[in-house]
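Working notes, beginning with the structure itself.
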């Protein structure tokens, strides 16, 4: 699995790490999207990935790893609420 989900290696030991990105509709109780990938691809890479799934009045909850000015601008311009913790 190290070839698909590379992590770190010291020559003796190889560690595999992965990152799961998902979108969950809390109000509707549905999984909307999910991606499994290497840990080297950061959360910020996915910060604008949600734009085609949200609409005016929605609330987007995220941690600080998704901090991205262009995503925030999109949310504000389209009257989408967001919270980062």
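Which of the residues that make up segment 61-85 are free of Cβ contacts under 8 Å to residues at least 24 places away in the same chain, more than 17 Å from residue 45 (Cβ to Cβ) and surrounded by fewer than 17 Cβ atoms within 10 Å (Cβ to Cβ)? First the steps, then the outcome.
Filtering segment 61-85 down to residues free of Cβ contacts under 8 Å to residues at least 24 places away in the same chain leaves 62-67, 69-70, 72-73, 75-77, 79, 82, 84.
Filter once more, so that each one left must be more than 17 Å from residue 45 (Cβ to Cβ): 73, 75-77, 79, 82.
Scanning segment 61-85 gives 73, 76, 77, 79.
When you look at residue 65, is it part of a helix (DSSP H, G or I) and either at negative phi or in contact with a strand residue (DSSP E or B) (Cβ under 8 Å, 6 or more places away or on another chain) (or both), yes or no?
Values: part of a helix (DSSP H, G or I): yes; either at negative phi or in contact with a strand residue (DSSP E or B) (Cβ under 8 Å, 6 or more places away or on another chain) (or both): yes.
So residue 65 passes the test.
Among the residues of segment 30-59 satisfying the criterion of being closer than 13 Å to residue 82 by Cβ and not in a loop (DSSP other than H, G, I, E, B), which is nearest to the chain's Cα centre (by Cα)?
Within segment 30-59, the match that is nearest to the chain's Cα centre (by Cα) is 51.
Taking only segment 1-15 into account, find how many residues are more than 14 Å from residue 41 (Cβ to Cβ) and touching a strand residue (DSSP E or B) at 6+ places or on another chain (Cβ under 9 Å).
6
Would you confirm, using the coordinates I've provided, whether residue 34 is at pLDDT below 95 and loosely packed, with under 12 Cβ neighbours inside 10 Å?
Values: at pLDDT below 95: yes; loosely packed, with under 12 Cβ neighbours inside 10 Å: yes.
Considered against the rule, which asks whether it is at pLDDT below 95 and loosely packed, with under 12 Cβ neighbours inside 10 Å, residue 34 comes out as yes.
With respect to residue 6, determine if the residue is more than 10 Å from the chain's Cα centre (by Cα) and exposed (fewer than 12 other Cβ atoms within 10 Å of the Cβ). Even if it seems obvious, please write down each step before you answer.
On the way: more than 10 Å from the chain's Cα centre (by Cα): yes; exposed (fewer than 12 other Cβ atoms within 10 Å of the Cβ): no.
Here the answer is no, as residue 6 does not meet what is asked.
Considering only segment 16-31, state which residues are farther than 24 Å from residue 47 by Cβ and touching a residue at least 12 places away in the same chain (Cβ under 8 Å).
Going through segment 16-31, the residues farther than 24 Å from residue 47 by Cβ turn out to be 16, 29.
Answer for segment 16-31, where residues must be farther than 24 Å from residue 47 by Cβ and touching a residue at least 12 places away in the same chain (Cβ under 8 Å): just 16.
The values are calculated or read from the model by the stated rules, or taken from the named source; none is laboratory data. What you are looking at is a predicted structure, and each value in this text was computed from that prediction instead of being measured. Don't worry about glycine lacking a Cβ; one is built from the backbone with ideal geometry, like all the others, and counts go over all protein chains shown.
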